[in-house]
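Okay, structure first, notes after.
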Amino acid sequence: MPGFDAIIIGTGQAGPGLAGRLAATGVKVAVIERGRFGGTCVNTGCIPTKAMVASAYAIHTARRGQEYGFAASQVEVDMKAVKARKDRISGQSRDGVEKWMKSTANITVYQGHGRFESAREVSVGGERLTAERIFINVGGRATIPDIPGLAQISYLNNSSLLNLDVVPRHLIVVGGSYVGLEFGQMFRRFGSQVTVLEMGPRLVGREDEDVSAAVREILEREGVEIRVNAKCIRFEKRGEEIVAGAECKEGAPEVQGSHVLLAVGRRPNTGDLGLDKAGVATDSHGYITVDDQLRTTVPGIWALGDCNGKGAFTHTSYNDFEIVAANLLDNDARRVSDRIVAYNLYIDPPLGRAGATEAEVRRSGRKALIGTRPMTRVGRAIEKGETQGFIKILVDAETKQILGASVLGTGGDEVIHCILDLMYARAPYTVMQRAVHIHPTVSELLPTVLGDLKPLN
Ligand SMILES: Cc1cc2nc3c(=O)[nH]c(=O)nc-3n(C[C@H](O)[C@H](O)[C@H](O)COP(=O)(O)OP(=O)(O)OC[C@H]3O[C@@H](n4cnc5c(N)ncnc54)[C@H](O)[C@@H]3O)c2cc1C
């Protein structure tokens, strides 16, 4: 029975970094991966989707050539080439993780499904490994909802859609949130007809209503059909066509398409881990219960990344690694609760988000200030010909600290970090208000927005 100092199950965004830190201290680490190295982000999430978003952006811009002073008479999309580019970028990243782990001293890589046999024992491919410390980084997968008629049709998820090397004639996207909208806009730009079916009353329902409305406008302007309140979705195969019944309040009751993408959320890969044999508790959705320093209910076992339900992003998973490493190796009591909510929606233009939404600030009842500016009044956006969206910043009226921001617009995915860092510094907004930002940028308007705050009524 091979004995190690530490076992890491899964090579998502936390496992490899932690393996490297532990191995560098001289301890023996076993890393177990059942699928492709690098996990979701590298293979079926952030990296391949953002590579394809870049292709879609280039295609979209080429189609707008006349606005910029050139004529691209016909833009022909070569989906095989789009896929090949994406595969190359994703593959480089995957190979990098794999080669690095396999060549690092003190790391032994096992390829297979890891399963707890006890709180100190994990089986993989007929072997049993033991360790005093076990780290779970098994991530999640797409939820397959219980939709009537789903068994009659073939459907896609975020993984299988990435294998397409043809442009679907009509892609029906079930789910109007982050994953569904990124794919929806990108395939519209590749040339598909796209219909988004969202069960709720608006897109990206966690965002403020004005953000949802602006996102909808951006997508509709490009011809993405949006159907909200699609409460009773069902499927039927009619010849070669897939028919989705939607029962929306508005629009035709049925949508006919060639392909269906299910993008209705994620679930943790914890059902087949043998957690019961280790005594590790989960919540009712299968997320592993952890404390603020990512310790599970069993001493010596930690859970990092999407499987602990504390975050759903690459940066939160990576931060989980930093928290665990800081606590175990650096005598630095970092905690999950130190983290400020931040993420992007990578439609074009992107939405950068940090901290609380306006709705959350209102619900909190605290005295607050708000500043907004449409992108039509941002010089850089005008120069780039990308003026959709707006900036919105919320500030605590008493402490003067920033509570949250939404930057929907060109460069919003980067601009948001000016605000995020100020929030981490717990500095008053006046620090940024007095900063001299570089012209011409979107960020240069942040001090202006902060100089024009109004009470949030
Ligand atoms: C379409 C899409 C786009 C996304 N875009 C972004 C984005 O732009 N930005 C962002 O921050 N996040 C994005 N995400 C989310 C991001 O991919 C995840 O939050 C991130 O990958 C963190 O995952 P993780 O570290 O928890 O584990 P994962 O990356 O999911 O990796 C878990 C690994 O564990 C392995 N594994 C599972 N069970 C076992 C087992 N029993 N034995 C051995 N190995 C096992 C799996 O094979 C996998 O390799 C996106 C997700 C999707 C689906």
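The values are calculated or read from the model by the stated rules, or taken from the named source; none is laboratory data. Quick caveat, the model's predicted, so the values are computed rather than measured. Cβ coordinates were reconstructed from backbone atoms using ideal geometry, including for glycine residues, and neighbour counts include every protein chain displayed. For the accessible areas, the whole protein counts, side chains as well, though only heavy atoms, and no ligand, DNA or RNA atoms are used. Shrake-Rupley method; radii C 1.70, N 1.55, O 1.52, S 1.80 Å.
Values for this structure:
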| read-out | value |
| --- | --- |
| Given (1) aromatic (Phe, Trp, Tyr); (2) within 23 Å of the chain's Cα centre (by Cα); (3) open to solvent by less than 40 Å² (accessible area, probe 1.4 Å), number of the condition PHE116 does not satisfy | (2) |
| Residue ranges of helices (runs of 4 or more DSSP H) in segment 12-98 with at least 1 members of a type in the set (Asp, Glu) | 65-68 |
| Residue in segment 206-227 that is over 30 Å from ARG133 (Cβ atoms), surrounded by 14 or more Cβ atoms within 10 Å (Cβ to Cβ), of a type in the set (Gly, Ala, Ser) and modelled with pLDDT under 95 present | no |
| Enumeration of residues in segment 360-387 that are in a helix (DSSP H, G or I) and open to solvent by 40 Å² or more (accessible area, probe 1.4 Å) | GLU360, ARG362, ARG363, SER364, THR376, ARG377, ARG380, ILE382, GLU383, LYS384 |
| Filtered residues of segment 229-243 (kept if open to solvent by less than 10 Å² (accessible area, probe 1.4 Å) and free of Cβ contacts under 8 Å to residues at least 60 places away in the same chain) | ALA230, VAL243 |
| Matching residues, segment 424-455, being in a helix (DSSP H, G or I), within 29 Å of the chain's Cα centre (by Cα) and surrounded by fewer than 19 Cβ atoms within 10 Å (Cβ to Cβ) | TYR424, ALA425, GLU444 |
| Answer residue from segment 244-259, given it is closer than 22 Å to PRO201 by Cβ and in a strand (DSSP E or B) and is most open to solvent (accessible area, probe 1.4 Å) among those | GLU254 |
| All positions within segment 276-326 that are open to solvent by 50 Å² or more (accessible area, probe 1.4 Å), closer than 16 Å to GLY140 by Cα and either away from the ligand (no atom under 13 Å from the Cβ) or in contact with a helix residue (DSSP H, G or I) (Cβ under 9 Å, 6 or more places away or on another chain) (or both) | THR282, ASP283, SER284, HIS285, TYR287, THR289, LYS310, ALA312, PHE313, TYR318 |
| The listed residue being farther than 16 Å from ARG189 by Cα, of a type outside the set (A, V, I, L, M, F, W, C) and open to solvent by less than 20 Å² (accessible area, probe 1.4 Å), out of GLY26, GLY35, GLY45 | GLY45 |
| Selected residue [more than 28 Å from ALA14 (Cβ to Cβ), in a loop (DSSP other than H, G, I, E, B) and within 15 Å of the ligand (Cβ to nearest atom)] from GLY184, GLY176 | GLY176 |
| Matching residues in segment 240-268 - criterion: being modelled with pLDDT of 95 or more and among the basic types (Lys, Arg) | ARG266, ARG267 |
| Output for segment 133-151, where each listed residue is surrounded by 14 or more Cβ atoms within 10 Å (Cβ to Cβ) and either on the phi < 0 side of the Ramachandran plot or among the aliphatic types (A, V, I, L, M) (or both) | ARG133, ILE134, PHE135, ILE136, ASN137, VAL138, GLY140, ARG141, ALA142, THR143, ILE147, LEU150 |
| Pair list, Cβ under 6 Å, 6 or more apart: segment 114-131 residue more than 13 Å from the ligand (Cβ to nearest atom), other residue hydrophobic (A, V, I, L, M, F, W, C) and in a loop (DSSP other than H, G, I, E, B) | ALA119/VAL298; ARG128/MET1; THR130/MET1; ALA131/PHE4 |
| Some residue of segment 322-339 being assigned to a loop (DSSP other than H, G, I, E, B), within 30 Å of ALA214 (Cβ to Cβ) and touching a residue at least 12 places away in the same chain (Cβ under 8 Å) | yes |
| Pair list, Cβ under 6 Å, 6 or more apart: segment 14-31 residue near the ligand (Cβ under 10 Å from one of its atoms), other residue hydroxyl-bearing (Ser, Thr, Tyr) and part of a helix (DSSP H, G or I) | ALA14/SER317 |
| Residues of segment 388-416 that turn out to be buried (at least 24 other Cβ atoms within 10 Å of the Cβ) and without any contact (Cβ under 8 Å) to a residue 40 or more places away in the chain, as a count | 0 |
| Filter result for the condition that a residue is within 16 Å of the ligand (Cβ to nearest atom), charged (D, E, K, R) and in a loop (DSSP other than H, G, I, E, B), over ARG206, ARG202 | ARG206 |
